[in-house]
Amino acid sequence: MMISDRLAAIPDSYFGKMMGRKVEHGPLPLINMAVGIPDGETPQGIINHFAEALRLPENQKYGAFNGKASFKEAIVNFYQRHYGVVLDKDEEVCILYGTKNGLVALSTCIVNPGENVLLPDPGYIDYLAGVMLADANPISLQLHLPDYLPDWNAVDTQILKNTKLIYLTYPNNPTGSTATQDVFGDAIKRFKRNSN
């Protein structure tokens, strides 16, 4: 199949390569820590709930382009109840077909060609595909021991001026490190100050 140069330039998925390899191991069972794929059966209560939902005529057709309103309202209620966060279901909730799809969509929807995207290093390797599809500049945001938090003083202000997106996710994958609300607040302040 012929594919575009842009798509051909994207490296193979790290997890796809690793999952396809035959792994040799000794007498102990191998624990697969590559991706979050459940290795047990789905609880019967969840199966029953989905079966009931599939019987409803409204769920037997294509979904709404912007997501089902009742589902978006349930998300808004969940965030309010568990985190005290107030969201606008029409402006701040987006229904996606999975996390990897969302990562690609995020970059391609909000970043223009030539703009910078800061990617945590170490960080989740699959951020890169969306950045490359957006024809943006992936910039390494170094995270150092002991806490794997960004050192904003080490980031060139010229890079920040052309930065449209920063992937700043905690608990960090793959380090497992966490961040306080102050870390995010500092990032927002610095980003706003340097992006004008």
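Values in this text are rule-based calculations from the coordinates and carry no lab data. Every value quoted in this text rests on a predicted model; they were computed, and no experiment measured them. Positions of Cβ are backbone-derived with ideal geometry, glycine not excepted, and every protein chain shown enters the neighbour counts.
Please figure out what share of the DSSP beta bridges in the chain is antiparallel and state it in percent, rounded to the nearest 5. All intermediate terms of the calculation are to be shown ahead of the outcome.
Working: 2 of 11 bridges.
Around 20 percent of the beta bridges assigned by DSSP in the chain are antiparallel ones.
Amide H contacts of Leu149: His144, each under 5 Å away and 5 or more positions distant or on a separate chain (H built 1.01 Å from N in the peptide plane; Pro and chain starts excluded). Applying the Karplus relation 6.51 cos²θ - 1.76 cosθ + 1.60 with θ = phi - 60° to the range 41-52 yields 3J(HN,Hα) values of 7, 5, x, 4, x, 5, 4, 4, 4, 5, 4, 5 Hz, where x marks Gly and Pro. Tell me, what is the FRET efficiency for Ile46 and Leu7 to the nearest 0.05, using R0 = 35 angstrom and their Cβ-Cβ distance as r? After rounding to 0.05, the efficiency reads 0.50. Proximity of backbone amide H atoms, modeled 1.01 Å from N, is registered between Leu165 and Leu118 at under 5 Å, excluding neighbours fewer than 5 places apart on the same chain.
Between Gly63, Pro38, Tyr127, the Cα set farthest toward the positive side of the dipole of the chain (charges on each charged residue's Cβ, about the Cα centre) is that of Gly63. Only Cα pairs under 8 Å and 6+ residues apart enter the sum, and on that basis the relative contact order of the range 98-195 stands at 29 percent.
Computed 3J(HN,Hα) for the range 168-175, one whole-Hz value per residue from the Karplus formula 6.51 cos²θ - 1.76 cosθ + 1.60 where θ = phi - 60°, is 10, 10, 9, x, 6, 10, x, 7, glycine and proline marked x.
Helical runs (DSSP H, four residues minimum) scored at -39500 (n - 2.57) apiece and divided by the length of the chain put the mean residue ellipticity at 222 nm at -11000 deg cm²/dmol.
Once C-alpha pairs closer than 8 Å and six or more residues apart are averaged by separation and normalised to the residue number of the chain, the relative contact order reads 17 percent.
Close amide-amide hydrogen proximity is noted between Asn137 and Gly114, Glu115, Asn116, Val117, each under 5 Å apart and 5 or more residues distant or on a separate chain (H modeled in the peptide plane; Pro and chain starts excluded). Per-residue Karplus couplings for the range 85-95, computed as 6.51 cos²θ - 1.76 cosθ + 1.60 with θ equal to phi - 60°, are listed in order as 9, 9, 10, 8, 5, 8, 10, 10, 10, 10, 8 Hz, Gly and Pro entered as x.
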